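Accompanying notes for the structure given below.
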Amino acid sequence: MPETFRGPAIVSRGQARDGKWKIEDVTLRPIGDEELVVQIVASGICHTDLVVGDQPDGAAPFVFYPRVLGHEGALPLSHAF
C-alpha cells in the first residue's frame, strides 16, 4: 500500500484581499513509481504568487482555486552529484 504524506501548506481558496489564504494541513496523493518525496523545511511565496492570488478565479488559464502556494523551497542537501 502506498504511503500517504501529510503536512502544512499555504492554501488559497480565493483572492488574497478577501482573506482566503490560510495555512492548512493537506494530504498528498500517493507517489508514483517514478516520483520521489523531498522534505521541504521552508518555502517562500514569490511575487507571482501574490499577483496571481489577487486575481478572480478564471481570470487566466492558470488562475484557479483552491491552489497550494509557495514553490521556492529550501531543504538540506545530503548528496551532491
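The values are calculated or read from the model by the stated rules, or taken from the named source; none is laboratory data. Because the structure is a prediction, the values reported are computed rather than measured. Neighbour counts are summed over all protein chains in view; Cβ atoms, including those assigned to glycine, are modelled from backbone coordinates with ideal geometry.
Okay, here's what the table says:
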item	result
Residue identified as surrounded by 12 or more Cβ atoms within 10 Å (Cβ to Cβ) and β-branched (V, I, T) among V63, V37, V41, V51	V63
Cβ-Cβ under 7 Å pairs, at least 6 apart or on other chains, segment 13-37 side over 15 Å from P56 (Cβ atoms), far side loosely packed, with under 10 Cβ neighbours inside 10 Å and not charged (D, E, K, R)	P30/P2; I31/P2; I31/V37
Any strands (runs of 3 or more DSSP E) falling wholly within segment 28-81 and containing at least 1 residues that are within 21 Å of R17 (Cβ to Cβ)	42-44, 67-69
Subset of segment 15-27 that is surrounded by 12 or more Cβ atoms within 10 Å (Cβ to Cβ) and assigned to a loop (DSSP other than H, G, I, E, B) - its residue that is modelled with the lowest pLDDT	Q15
Search result, residues across segment 27-64 that are within 25 Å of S78 (Cα to Cα), in contact with a strand residue (DSSP E or B) (Cβ under 7 Å, 6 or more places away or on another chain) and among the hydrophobic types (A, V, I, L, M, F, W, C)	L28, V37, I40, V41, A42, I45
Test result for R6, at pLDDT below 85, exposed (fewer than 10 other Cβ atoms within 10 Å of the Cβ) and not in a loop (DSSP other than H, G, I, E, B)	no
